[in-house]
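All remarks here apply to the structure that follows.
The values are calculated or read from the model by the stated rules, or taken from the named source; none is laboratory data. All figures in this text were calculated on a predicted structure; none of them were measured in a lab. As a convention, Cβ positions derive from the backbone with ideal geometry for all residues, glycine included, and neighbour counts pool all protein chains shown. Side chains are part of the model used for accessible areas, which takes the heavy atoms of the whole protein and leaves out ligands, DNA and RNA. Shrake-Rupley method; radii C 1.70, N 1.55, O 1.52, S 1.80 Å.
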Amino acid sequence: MSESTIILAKESISDGSEVNKINEIRPLGNKEIEIYEAQRNMLMEFVNDFSLVEYVRLNYESLMELLNETIIKVAKEPSFIGSYPFKTFPFFLNTRILNYMMSVKTLLDHMETSINRQYGEDSTEFFEFKALTGNEFDSKFSYRFMYKLRNFVQHCGMPPLSYTISKSLDETSSTLSVELIVYFIRDELIRGFSKWGALVKADLTQMDESFPIMPIFNEHINSIFKVYILFNEKYHITKVLKAKEYIINFIGERADYIDDEYIIAKLKKTETGLSINKKTIPTSALEKISDFYRIKEDLF
């Protein structure tokens, strides 16, 4: 071994009872490392962008969980009247809604900014992104309403909401049914904000005085995912798949491998022994590509 050597190796992680073992696979040259790092950067750029999609999904699921948890609490409550368990419900509901809206804004703003920086404002890619968001705005009330609702929240505070809770017992089957529905309050939305725009204001006037929020959120998140999936499938995912293929071949593993056992290690002899500087090859990140296609399958 020379004074300084870079190798591909597999690290056996112990349970703590012994030192991790590093098994050398082969030495690496500068050119091979350069190509690997370019492919790794391609993968990690995708993973970082995809994390914004995961934040949107997490906040949507958090909203759903709050509603489900509240229904369970009501079902367990022996009384059919009273404030249970709604003393903190409005606060937590507004928190979930705000988190969801802000994560959506972050994703779309990031996409627009990164596309503009990478391709330019006059590029085909930038026009494609604008066309995708424009199509959702034009064709989905939920998308254009939530777009304007974000401005409502910034200027007027959280949207006016109400809810109904029903609890019934089928004496024949002894089955308890609980239903919780949260509503937007139409007239307070219209009175409280002057910048809905003609189209959304006309939409709102056609809605019931109280209209349920969940059909809006359910359709809206699909629109957000649709914009992300369609754009990235057209312009980015092919490069990411090639990066995955390169990394899998680089370490010599099966196509579905996602464990973080492989490292690139720089070995250097010193006066006191051997110095090892290692970097893990992030193969667990490859699972995010599968998550991308799972979202696509759910949409289409």
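Can you list the GluC sites (Glu not before Pro) in segment 163-195 that are in a DSSP coil and have 16 or fewer other beta carbons within 10 angstrom?
Numbers: sites: Glu171, Glu179, Glu188; in loops: Glu171.
Counting only loop positions with at most 16 other Cβ atoms within 10 Å, the GluC sites (Glu not before Pro) in segment 163-195 are Glu171.
Based on the Kirkwood radius over alpha-carbon pairs, what value in µm²/s does the Stokes-Einstein equation return for the translational diffusion coefficient of segment 117-196 at 25 °C and 0.890 mPa s?
Working: Rh = 16.5 Å.
D = 149 µm²/s.
Once you wrap a convex hull around the alpha carbon atoms of segment 134-278, what is its projected area averaged over all directions, in nm²? Intermediate values should be presented prior to the final figure.
Values: hull surface 77.4 nm².
The directionally averaged projection comes out at 19.4 nm².
Where does the chain land at 222 nm, in deg cm²/dmol rounded to the nearest 500, when only DSSP H runs of n ≥ 4 count, each adding -39500 (n - 2.57), divided by all residues? Present the calculation step by step, with values, prior to reporting the outcome.
Numbers: 9 runs with 175 residues, N = 300.
For the chain, the value works out to -20000 deg cm²/dmol.
Would you mind telling me which residue in Leu28, Leu93, Leu52 has the biggest mean-square fluctuation in a Gaussian network model of the chain, where springs connect alpha carbons within a distance under 10 angstrom?
Highest fluctuation among the options: Leu28.
Working with all protein chains in place, sort His236, His220, His110 by solvent-accessible area computed with a 1.4 Å probe, largest first. Write down the numbers at each step before the final one.
Details: His236 40, His220 10, His110 70 Å².
Solvent-accessible surface, decreasing: His110, His236, His220.
If one takes the longest principal axis of the Cα atoms in the chain, at what angle in degrees, from 0 to 90 and to the nearest 10, does the Cα axis of helix 30-76 lie?
Around 30 degrees separate the two axes.
Take the Cα gyration tensor of segment 50-183, multiply each eigenvalue by 5, square-root it, and list the three semi-axes largest first, rounded to whole angstrom.
On the way: eigenvalues 315, 45, 36 Å².
Three semi-axes, in Å: 40, 15, 13.
Mind checking the full-extension length gain between Glu24 and Ser162? Use 0.36 nm per residue of separation minus the Cα-Cα distance, one decimal, nm.
The Glu24-Ser162 span can extend by a further 43.3 nm.
Select from segment 206-300 those trypsin sites (Lys or Arg not before Pro) which occupy a DSSP coil region and have at most 16 other Cβ atoms within 10 Å, ordered by residue number.
Working: sites: Lys226, Lys234, Lys239, Lys242, Lys244, Arg254, Lys266, Lys268, Lys269, Lys278, Lys279, Lys288, Arg294, Lys296; in loops: Arg254.
Sparse-neighbourhood loop trypsin sites (Lys or Arg not before Pro): Arg254.
Please list the non-local residues whose amide H lies under 5 Å from the amide H of Leu28, H modeled 1.01 Å from N, same-chain partners needing a gap of 5 or more.
Residues meeting the amide H criterion: Ile6, Ile7, Leu8.
Test of understanding: in a Gaussian network model of the chain with alpha carbons linked when under 10 Å, which of Ser173, Ser139, Ser284 would top the mean-square fluctuation ranking?
Ser173
Ignoring ligands, DNA and RNA, how do Arg144, Arg96, Arg40 rank by accessible area with a 1.4 Å probe, largest first? Intermediate values should be presented prior to the final figure.
On the way: Arg144 25, Arg96 50, Arg40 80 Å².
If we order Arg144, Arg96, Arg40 from most to least accessible, we get Arg40, Arg96, Arg144.
Please determine, in degrees from 0 to 90 and to the nearest 10, the orientation of helix 89-119 with respect to the longest principal axis defined by the Cα atoms of the chain, where the helix direction is its Cα long axis.
Roughly 50 degrees between the two axes.
Could you work out the percent of alpha carbon pairs in segment 202-280 separated by over 19 Å, rounded to a whole number?
Values: 2106 of 3081 pairs.
Cα-Cα pairs in segment 202-280 separated by more than 19 Å: 68 percent.
Given the options Asp122, Asp49, Asp138, which has the most mean-square fluctuation in a GNM of the chain, springs set between C-alpha atoms less than 10 angstrom apart?
Comparing Asp122, Asp49, Asp138 in a Gaussian network model of the chain, the most mobile one is Asp122.
Based on the Cα gyration tensor of segment 188-238, what are the three equivalent ellipsoid semi-axes, each the root of five times an eigenvalue, rounded to whole Å and given largest first? Working shown, then result.
Details: eigenvalues 201, 37, 12 Å².
Output for segment 188-238: semi-axes of 32, 14, 8 Å.
Could you estimate the translational diffusion coefficient of the chain from the Stokes-Einstein equation, with Rh from the Kirkwood formula over C-alpha pairs, at 4 °C and 1.567 mPa s, in whole µm²/s?
On the way: Rh = 23.5 Å.
The calculation lands on 55 µm²/s.
How large is the direction-averaged shadow of the alpha-carbon convex hull of segment 43-126, in nm²? Before the final figure, lay out the partial values.
Details: hull surface 29.8 nm².
Quarter of the Cα hull surface area: 7.4 nm².
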